[in-house]
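K.L.:
I have a structure I would like to understand better, so I am pasting it below and will then ask my questions one at a time.
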Amino acid sequence: MKKEGVWFLTAQWTGATEAAMVFLDYMKKSLSQTKSMKELYANLASLARRFYEERPTSALLVNTIKKLAIRALELRDRSFDEALHDLLKLIDEEVDYSRRSVDELAQLASRRIPDDSVVLTHSYSTTVIKTLSLAHEKGKIKQVFVTESRPGGEGLYTARALSERGLKTTLITDSAVNYFLDKVSLVVVGAEAITANGALVNKIGTSMIALASYHRRKRMIVLAGTYKFSFETVYGELIRIPEASLDLLGFPKDLLYPNVLVKAPLMDVTRPQYIDAIITEKGVTSPAGVPLIIWESLSGREELRTMSIHQVLSLLEEKAR
Amino acid sequence: MIPKEVLEIADGIKTMRIRGASLIAKSAAQALRIAAEKYSGDASGFKPYITKVANLLLQTRPTAVSLPNAVYYVLNRTLSSSVSEARETAIRSSDEFIRMVDESHRRIMEYGSKLIQDEYVVFTHCHSTAVVDIILQAFREGKRVEVINTETRPLFQGRITLRELAKNGVKVTHVPDSAVRHFIKNANIVIVGADTITSDGYLVNKVGTSHLALAAWEAGIPFYSAAEFIKFSPASLEGGEVVIEFRSASELLDIYPEGLADELRRLGVEVLNPAFDFTPPELITAFITNLGIIPPQLSVLIIKEMFGFSTGRIQLTVLEELV
């Protein structure tokens with residue numbers, strides 16, 4: 001994980017969806033190599049813990065880990081072969097489901113993009129890129145402004161992806177958003193997580209863009225499948241925000257005076273008041289409609305709702321001992 | 001014949017060897033003083049001669065607001081004096097102008113530091129000598145002041161601010177530009193510098209300043225800009241537009257892997273890199289000026305007091321010919 005891990009560890013250039021795909025891929029390989037139930041639990045626990053520690057903000061990752069773990073715990077009385085087979089099948093289903101959901105969501109969202117749109121987007125999101133490409137195929141997009149998205153600079157990868165798909169793309173610094181908002185007709189961003197009150201957790205800088213676009217009366221829509229909804233926050237769990245390293249910032253070592261602190265959180269929180277719509281694979285909702293969708297999609301899955309990621313991880317670790 | 005020293009100063013401003021609004025203004029006034037001192041022709045030829053020198057100086061950096069302010073301060077007084085006194089007036093008003101610039105810096109430091117209370121956290125953006133001096137003044141007075149400052153992409157001028165404050169013992173928290181809204185709640189006051197201020201109270205300053213102002217406004221935190229009188233634009237009074245400089249794409253791309261930057265260029269991704277942005281008066285609590293703390297709507301007062309209303313028209317006419 002370390003080698004390819006640089007980008008994952010620092011949340012650089014992968015969107016949350018891609019990160020979850022990487023997790024499932026690693027998990028499949030890791031589980032396939034196990035030979036006993038105990039080993040299966042051990043591998044599941046350690047990989048889940050490592051990925052969670054690296055990206056605790058990702059609701060998709062948390063939800064995926066919980067689903068896998070809860071199934072694994074349910075399978076404790078089965079034979080090893082049966083359990084392994086079942087879990088590998090679940091992983092395949094999850095990968096499939098995510099891909100399909102992103103496609104459905106992008107189809108739906110691209111309908112919501114008006115003609116002659118000048119779009120502003122931030123950071124890197126598979127769903128945003130797919131949606132804008134589809135809208136572009138329908139001839140709806142005039143231009144896309146992409147922020148650099150420090151720290152990490154994922155905006156450069158977004159600009160590359162959009163440009164490769166034929167969209168007219170303009171790269172700007174994070175500070176220049178307000179300067180160009182005059183020309184923008186719509187702000188479109190992805191999501192790391194949506195909380196119980198409809199707030200958006202996303203790459204740092206999103207909340208500044210939301211404030212500026214609200215102030216200038218530009219609409220902002222968030223593309224977030226229901227798998228990005230953070231069920232835990234319904235029960236008061238707080239989302240921990242990781243920070244970028246000095247290396248990622250390229251911070252000069254000679255400036256590290258003892259009285260200097262460098263702070264670079266990777267995510268921030270956008271108030272629901274600044275969000276015009278959240279588009280899920282199930283349809284368009286307002287931030288206020290989020291709790292409803294959370295309850296709806298969890299009906300009959302009591303344990304997914306009531307168990308926190310911390311409880312799930314420690315149960316797994318107990319089994320592995 | 002324009003003296004060699006004057007040409008050297010003009011070249012220094014043009015090549016940005018001489019930079020920073022105060023230094024540009026003082027150097028331009030100094031150049032006019034030298035030109036006047038070294039003039040050896042007869043009295044009747046002095047006014048055309050000094051006008052020629054003035055035009056030469058104005059052409060070096062037509063968009064720097066402090067430069068025409070310096071040149072016209074001296075030129076207006078010189079041209080309106082009698083033929084026999086013109087040379088004396090040029091020398092005297094150059095000295096006067098340089099004294100005023102120094103004096104105005106001292107006063108801003110004094111007034112600004114009073115806004116900072118004990119245990120205050122000051123948020124700032126980019127690098128401004130006036131802001132650094134205000135903070136250091138408050139710090140020297142024994143106030144336990146802390147600072148949050150931005151990196152200021154693309155050129156990282158925030159690192160200059162960081163060094164100047166940190167080496168003097170001020171505690172600094174350094175954050176990326178994208179984290180401005182996230183951290184504004186930890187601050188008590190925002191103080192930034194100024195590049196240009198228009199007669200209707202808009203602040204033109206390093207791109208990203210308007211984000212900081214908006215975030216401060218949302219959080220109910222006062223937003224100040226420290227601005228010597230030379231930053232106020234008489235030309236804007238006459239409707240003169242402040243032209244925002246767009247700088248090169250490589251400033252943004254250079255910190256990334258070469259292959260990626262090349263690929264973006266090959267794909268034709270446009271990179272737009274404006275150096276400044278506009279902060280509207282309604283987001284500005286006040287300007288800290290040498291005349292005191294004034295609300296942005298009173299910018300026109302500074303222009304009247306320091307330069308006179310007529311300067312605007314003259315500046316604008318000449319600038320339009322030059323640009």
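K.L.:
Based on DSSP H runs of at least 4 residues, each adding -39500 (n - 2.57), what is the mean residue ellipticity at 222 nm of the protein assembly as shown after dividing by all its residues, to the nearest 500 deg cm²/dmol? Please list the in-between numbers first.
P.N.:
Working: 27 runs with 321 residues, N = 644.
Result for the protein assembly as shown: -15500 deg cm²/dmol, rounded to the nearest 500.
K.L.:
Hey, got the dipole for chain B? About the Cα centre, +1 on K and R Cβ, -1 on D and E Cβ, debye to the nearest 20? Don't skip to the end; give the middle numbers.
P.N.:
Details: 34 positive and 38 negative charges, 126 e Å.
So the dipole magnitude of chain B works out to roughly 600 debye.
K.L.:
Loop-only trypsin sites (Lys or Arg not before Pro) in the range A:62-91, please: DSSP not H, G, I, E or B, and at most 13 other Cβ atoms within 10 Å.
P.N.:
Working: sites: A:K66, A:K67, A:R71, A:R76, A:R78, A:K89; in loops: A:R76, A:R78.
Here the sparse-neighbourhood loop sites are A:R76, A:R78.
K.L.:
Something else about it: Only four residue types carry charge here, +1 at the Cβ of Lys and Arg and -1 at the Cβ of Asp and Glu. Report the dipole size of the range B:82-234 about the Cα centre in Debye, rounded to the nearest 20.
P.N.:
Working: 18 positive and 19 negative charges, 104 e Å.
The calculated dipole for the range B:82-234 is roughly 500 debye.
K.L.:
If eta is 1.567 mPa s and T is 4 °C, what Stokes-Einstein diffusion coefficient results for chain A, Kirkwood Rh from Cα pairs, in µm²/s?
P.N.:
Working: Rh = 20.4 Å.
So the translational diffusion coefficient is about 63 µm²/s.
K.L.:
Looking only at other chains, what is the average number of their beta-carbon atoms within 10 angstrom of each beta-carbon in B:207-218?
P.N.:
Details: counts 8, 8, 2, 8, 11, 2, 1, 7, 4, 0, 2, 6.
Partner Cβ neighbours, averaged per residue: 5.
K.L.:
Moving to a separate point now. Between A:R219 and residues 5 or more places away or on another chain, which pairs have amide H atoms under 5 Å apart, with H built 1.01 Å from N, and which residues are they?
P.N.:
Hits under the 5 Å cutoff: A:V187.
K.L.:
For A:L246, A:L44, which order do you get if you count the other beta carbons within 10 Å of each Cβ and list the fewest first? Intermediate values should be presented prior to the final figure.
P.N.:
Details: A:L246 15, A:L44 25.
Taking fewest neighbouring Cβ atoms as first place, the list is A:L246, A:L44.
K.L.:
While we're looking at this one, here's another question. In square nanometres, what is one fourth of the surface area of the convex hull spanned by the alpha carbons of the range A:57-203? Can you show the working numbers first?
P.N.:
Details: hull surface 42.9 nm².
If I average the Cα hull's projected area over directions, I get 10.7 nm².
K.L.:
Another question, then. Choose one of B:P68, B:L316, A:S207: the residue whose Cα lies farthest towards the positive end of the charge dipole of the protein assembly as shown (beta-carbon charges +1 Lys, Arg; -1 Asp, Glu; about the Cα centre).
P.N.:
Farthest towards the positive pole: A:S207.
K.L.:
How would you classify the range B:68-182 from its alpha-carbon gyration tensor, with a ≥ b ≥ c the square roots of the eigenvalues: rounded for a/c under 1.5, else prolate if a/b is greater than b/c, otherwise oblate? Provide the component values of the computation, followed by the final result.
P.N.:
On the way: a/c = 3.85, a/b = 2.26, b/c = 1.70.
Since a/c reaches 1.5 and a/b is larger than b/c, the shape of the range B:68-182 is classed as prolate.
K.L.:
Okay, next question. Neighbour counts of other C-beta atoms within 10 Å: give me B:H182, B:H105 arranged from fewest to most. List each step's numbers first, then the result.
P.N.:
Numbers: B:H182 23, B:H105 17.
Placing the least packed residue first, the sequence is B:H105, B:H182.
K.L.:
Mean projection of the alpha-carbon convex hull of the protein assembly as shown over all orientations, in nm²?
P.N.:
On the way: hull surface 126.1 nm².
For the protein assembly as shown, averaging the hull's shadow over all directions gives 31.5 nm².
K.L.:
Still on this structure: Which residues does a label at A:Q311 reach in the range A:215-256, if reach means a backbone N under 20 Å from a point 7 Å past the Cα toward the Cβ?
P.N.:
Of the residues in the range A:215-256, A:229-240 have backbone N under 20 Å from the label point off A:Q311.
K.L.:
Mind putting a number on the dipole of chain A about its Cα centre? Charges go on the C-beta only, +1 for Lys and Arg and -1 for Asp and Glu, and I need it in Debye to the nearest 20.
P.N.:
Working: 43 positive and 39 negative charges, 107 e Å.
Dipole size: approximately 520 debye.
K.L.:
Then there's this: Tell me, what is the FRET efficiency for B:K52 and B:I244 to the nearest 0.05, using R0 = 25 angstrom and their Cβ-Cβ distance as r?
P.N.:
Details: r = 30 Å, r/R0 = 1.21.
In this case the efficiency is close to 0.25.
K.L.:
All other residues with a Cβ under 15 Å from the Cβ of B:K143 taken together, and with Lys, Arg as +1 and Asp, Glu as -1, what is their net charge? Please list the in-between numbers first.
P.N.:
Working: positive: B:K114, B:R140, B:R144, B:K171; negative: B:E110, B:D118, B:E119, B:D133, B:E141, B:E146.
Summing Lys and Arg as +1 and Asp and Glu as -1 gives -2.
K.L.:
Quick one: divide the alpha-carbon radius of gyration of chain B by 2.2 N^0.38 Å and tell me what you get.
P.N.:
Working: Rg = 21.0 Å, N = 323, 2.2 N^0.38 = 19.8 Å.
Normalised Cα radius of gyration, chain B: 1.06.
K.L.:
Let me ask something else. Just going by the charge dipole of the range B:173-323, with Lys and Arg at +1 and Asp and Glu at -1 on Cβ, which of B:I244, B:G292, B:T279 is farthest out on the positive end?
P.N.:
B:G292
K.L.:
Can you list the GluC sites (Glu not before Pro) in the range B:216-285 that are in a DSSP coil and have 14 or fewer other beta carbons within 10 angstrom? Intermediate results must be reported in sequence, preceding the final value.
P.N.:
Working: sites: B:E218, B:E228, B:E238, B:E241, B:E245, B:E251, B:E258, B:E263, B:E270, B:E282; in loops: B:E228, B:E238, B:E241, B:E245.
Within the range B:216-285, the qualifying GluC sites (Glu not before Pro) (loop, at most 14 other Cβ atoms within 10 Å) are B:E241, B:E245.
K.L.:
Something else about it: Show which lysines lie in cross-link reach of B:K185 when reach means a straight Cα distance below 28 angstrom and same-chain residues fewer than eight apart are skipped.
P.N.:
Candidates past the 8-residue exclusion: A:K203, A:K218, A:K228, A:K253, A:K263, B:K114, B:K143, B:K167, B:K171, B:K206.
K.L.:
Let me ask you something else. Got the relative contact order for the range A:202-321 handy, in percent, Cα pairs under 8 Å and 6 or more residues apart?
P.N.:
Working: 109 pairs, mean separation 44.4, N = 120.
Answer for the range A:202-321 is 37 percent.
K.L.:
Which whole-number percentage describes the relative contact order of chain A, with Cα contacts under 8 Å and a sequence gap of 6 or more?
P.N.:
Values: 551 pairs, mean separation 70.5, N = 321.
The normalised contact order for chain A reaches 22 percent.
K.L.:
By the gyration tensor of its Cα atoms, with a ≥ b ≥ c the square roots of the eigenvalues, what is the shape of the range B:184-281: rounded for a/c under 1.5, prolate for a/b over b/c, or oblate?
P.N.:
Oblate, because a/c is 1.5 or more while a/b does not exceed b/c.
K.L.:
Where in chain A are the DSSP H helices whose C-alpha atoms run 18 Å or more along the long axis and whose mean Kyte hydropathy is at least -1.0? Could you put the intermediate results ahead of the total?
P.N.:
Numbers: long enough: A:16-32 (24 Å, 0.32); A:37-54 (26 Å, -0.49); A:59-74 (22 Å, 0.86); A:80-112 (48 Å, -0.60).
Answer set is A:16-32, A:37-54, A:59-74, A:80-112.
K.L.:
Let me ask something else. If one takes the longest principal axis of the Cα atoms in chain B, at what angle in degrees, from 0 to 90 and to the nearest 10, does the Cα axis of helix B:46-60 lie?
P.N.:
20 degrees
K.L.:
Give me the angle, in degrees from 0 to 90, between the Cα long axis of helix B:4-14 and the longest principal axis of the Cα atoms of chain B, rounded to the nearest 10.
P.N.:
30 degrees
K.L.:
Next up: Kindly express, to the nearest 10 degrees and within the range 0 to 90, the angle between helix B:209-219's C-alpha long axis and the longest C-alpha principal axis of chain B.
P.N.:
For helix B:209-219, the angle is close to 50 degrees.
K.L.:
Among bridges DSSP assigns within the protein assembly as shown, what percent are antiparallel (round to 5)?
P.N.:
Values: 20 of 62 bridges.
Among the beta bridges of the protein assembly as shown, antiparallel pairing accounts for roughly 30 percent.
K.L.:
A follow-up question, please. Once you put a point 7 Å from the Cα of B:R313 and another 7 Å from the Cα of B:L272, both along the Cβ direction, what distance in nm separates them?
P.N.:
Each label point is offset 7 Å from its Cα along the Cβ direction, giving 3.6 nm.
K.L.:
What shape does the range B:35-133 take by its C-alpha gyration tensor, where a ≥ b ≥ c are the square roots of the eigenvalues and a/c under 1.5 counts as rounded, a/b above b/c as prolate, and the rest as oblate? Numbers along the way, then the final one.
P.N.:
Numbers: a/c = 4.42, a/b = 2.48, b/c = 1.78.
Taking the square roots of the gyration eigenvalues as a ≥ b ≥ c, the range B:35-133 is prolate.
K.L.:
What net charge is computed for the residues neighbouring B:D195, neighbours being all others with C-beta under 13 Å from the C-beta of B:D195, Lys and Arg scored +1, Asp and Glu -1? Mind showing how you got there, number by number?
P.N.:
Values: positive: B:R19, B:R61, B:K206, B:K231; negative: B:E228, B:E245, B:D277.
Here the count lands on +1.
Bear in mind these aren't lab numbers, they're just calculated from the coordinates by the rules spelled out. Please read all numbers here as calculations on a predicted model, not as lab measurements. We place every Cβ from the backbone using ideal geometry, glycine too, and count neighbours over all the protein chains shown.
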